[in-house]
Amino acid sequence: MTFQIEYESRTALDLPYEDIIKKTILAVLDFEDCPYEAEVSVVLTDNDEIQAANKEFRSIDKATDVLSFPMIDFPQPSDFECIEFLPDCVNPDSDELLLGDIMISVEKMIVQADEYGHSIERELAFLIAHSVLHLLGYDHMEEEERIIMEEKQNVILEQMGITRN
């Protein structure tokens, strides 16, 4: 597995964020029975940077907590059988699946952890799990999709021992 983690936020985090990110990505890939090693890039940034990206890529001019940039257009979520027909989604040097990029606002993450009454560690793991599911083709535009994603996120975090309290 290749994890590219960049910390660009001016806000310091007093927790092992790299370990949390890696463990959460691996937990999601295991939960979804991903048969490949994968490559994921994560940038931890501030509200102004994520707002600029949100405006550029989604035409929404406001900060958000997390953005996901999938490299693979799965026909169905976690349909890994399609990979053999999509040679551009595999890194030729490492044979790892190029899942995509994740961008998280550290400022939003801290505020949301406080609002929801749980730890920053839990919020970070939640945002990573949520985003990796997006990289695997899940969405929450429809109510049925939202329920599926929420259930998966909750089970993954529970299996990791990361709870709301």
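What follows draws every value from the coordinates through simple rules; no lab data is involved. All values reported here derive from a predicted model rather than from experimental measurement. Every residue, glycine as well, gets a Cβ built from its backbone with ideal geometry; the counts of neighbours run over all protein chains shown.
Placing a pseudo-label 7 Å from each Cα along the Cα-to-Cβ vector at Thr163 and Lys55 gives an inter-label distance of 4.3 nm. Look at where the Cα atoms of segment 94-147 and of segment 1-59 average out, and the two centres are 8 Å apart.
In the structure shown, the pairs Lys108/Lys152; Lys22/Lys108; Lys23/Lys55; Lys22/Lys152; Lys55/Lys152; Lys22/Lys55 are assessed against 24 Å; a Cα-Cα span above that value is assigned to Lys23/Lys55; Lys55/Lys152; Lys22/Lys55. Seen against the Cα atoms of the chain and their longest principal axis, helix 143-160 is set at about 80 degrees. Per residue, the chain reaches -14000 deg cm²/dmol at 222 nm when only DSSP H runs of four or more residues are counted, each adding -39500 (n - 2.57). Under the simplified labelling scheme, the Phe69-Asp93 pair shows an inter-label distance of 1.8 nm, with each label point 7 Å from Cα along Cα→Cβ. Annotation: amide H of Val42 within the under-5 Å range of Gln4, Ile5, Glu6, Ile102, sequence separation 5 or more or interchain, hydrogens built in the peptide plane. Of all DSSP beta bridges confined to the chain, the antiparallel ones make up roughly 30%. Each of Thr24, Gln112, Ile50 was placed along the dipole of the chain (beta-carbon charges, centred on the mean Cα), and the one lying farthest toward the positive end is Gln112. Using θ = phi - 60° in the Karplus curve 6.51 cos²θ - 1.76 cosθ + 1.60, the 3J(HN,Hα) couplings for segment 120-129 round to 5, 4, 5, 5, 4, 4, 4, 5, 5, 4 Hz; x is entered for Gly and Pro.
Ranking of Tyr116, Tyr138 by neighbouring Cβ atoms within 10 Å, starting from the fewest: Tyr116, Tyr138.
Helix 47-58 and the longest principal axis of the C-alpha atoms of the chain enclose an angle of approximately 40°.
With N residues in the chain, what two-decimal value do you get for its Cα radius of gyration over 2.2 N^0.38 Å?
1.00
Compute the relative contact order of segment 2-160 as a whole-number percentage, counting only Cα pairs closer than 8 Å that sit 6 or more residues apart in sequence. Worked out over segment 2-160, it gives 28 percent.
Charge dipole of segment 2-160 (Cα centre as origin; +1 on each Lys and Arg Cβ, -1 on each Asp and Glu Cβ, all else neutral): 440 debye, rounded to the nearest 20. Taking amide hydrogens as placed 1.01 Å from N in the peptide plane, the amide H of Val90 sits under 5 Å from those of Leu98, each at least 5 positions away in sequence or on another chain. With the charge dipole of the chain set up from +1 on Lys and Arg Cβ and -1 on Asp and Glu Cβ about the Cα centre, the Cα lying farthest toward the positive end among the listed residues Pro92, Ile60, Ser78 is that of Ile60. Between the helical axis of 17-31 and the dominant principal axis of the chain, each derived from Cα atoms, what acute angle in degrees is found, rounded to the nearest 10? Roughly 40 degrees, rounded to the nearest 10.
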